[in-house]
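One structure is given here, and the rest of the page talks about it.
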Amino acid sequence: MVRLSVEAVRSEALGPVDLVVAAGECVCLSGPSGCGKTRLLRAIADLDPHTGRVSLDGIAATRMSPTQWRRQVALVPSESRWWAARVVDHFPREQQPDLASIGLPQTALQWDIERLSSGERQRLALLRALAGQPQALLLDEPTANLDAQQTARVETLLAAYRSAYAAAVIWVSHDAQQIARVANRVLRME
């Protein structure tokens, strides 16, 4: 079943790009820095101007509000934004995120954002994105700031999420070993 479809997507210095990602599939994008991987993810997330058509389960992004689209097609950038002082303020009130799944104690919910390392921020941003139960994930180097143990933990979490929600995943990585572990398909951008 096609979950995420990208048809003739063009933006500044990118495209056209055609890509289909099945439910539960992980497609890794690789290529040199500056070739447009992040630009492609931002276009799919409808954050940057582009032409072409992007759809989720056959429904075009243009038929949803930007907020609805981004709930279903979640971008986790390499450096996420934080808008409140404490970790807990970034998660839905009715949810208790499983911080153990990313190697943090539950008390980390009360931590100040400024106290977090770049790796802690990266893992929390991923958990924050998953809290909305998106049907597609756009991951821009989600383990770039992590050691081997935390990278393995994140890869396990994402594999479980893909399986549980049949989520389509586009994962940008420069790590050939990681790509071999997580990808169903690999596309190289030039």
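Taking only protein heavy atoms and a 1.4 Å probe, the accessible area of the range 103-147 is 42% carbon and sulfur. Rounded to the nearest 0.05, the FRET efficiency derived from the C-beta distance between Thr51 and Ala148 at R0 = 30 Å is 0.15.
Look at the alpha carbon pairs under 8 Å that are at least 6 residues apart: their mean separation over the length of the range 96-190 gives a relative contact order of 29 percent. With 0.36 nm allotted per residue and the present C-alpha distance subtracted, the Ala60-Ala8 stretch has 17.4 nm of extension available. Computing FRET efficiency as 1/(1 + (r/R0)^6) for Met189 and Ala22, where r is the C-beta to C-beta distance and R0 is 25 Å, gives about 0.80. The HN-Hα couplings worked out from phi for the range 178-190 by the Karplus form 6.51 cos²θ - 1.76 cosθ + 1.60 (θ = phi - 60°) are 5, 4, 4, 6, 9, 8, 8, 9, 10, 10, 9, 9, 10 Hz, whole numbers, x standing for Gly and Pro. A cut-off under 12 angstrom between Cβ atoms defines the neighbours of Glu141, and their net charge, with Lys, Arg +1 and Asp, Glu -1, is -2.
Rounded to the nearest 500, the 222 nm mean residue ellipticity of the chain from helices alone is -8500 deg cm²/dmol, with -39,500 (n - 2.57) taken per DSSP H run of at least 4 residues. Above 21 Å lies some portion of the pair distances; for the range 35-129, what is it as a whole percent of all C-alpha pairs? Percentage above 21 Å: 42. Taking the DSSP bridge list for the chain and keeping only pairs wholly inside it, about 45 percent are antiparallel.
If the segment from Ser78 to Asp98 were pulled out straight at 0.36 nm per residue, it would be longer than the present Cα-Cα gap by 5.1 nm. Using every pair of distinct Cα positions in the chain, the Kirkwood expression returns a hydrodynamic radius of 16.9 angstrom. Charge dipole (Cα centre; +1 on Lys/Arg Cβ, -1 on Asp/Glu Cβ; no other charges) of the chain amounts to roughly 260 debye.
The values are calculated or read from the model by the stated rules, or taken from the named source; none is laboratory data. As the structure is a computational prediction, the values presented were derived from the model and not from experiment. Heads up, the Cβs are rebuilt from the backbone with ideal geometry, glycines too, and the neighbour counts pull from every protein chain shown. All accessible areas refer to the heavy atoms of the entire protein, side chains included, with ligands and DNA or RNA removed. Shrake-Rupley method; radii C 1.70, N 1.55, O 1.52, S 1.80 Å.
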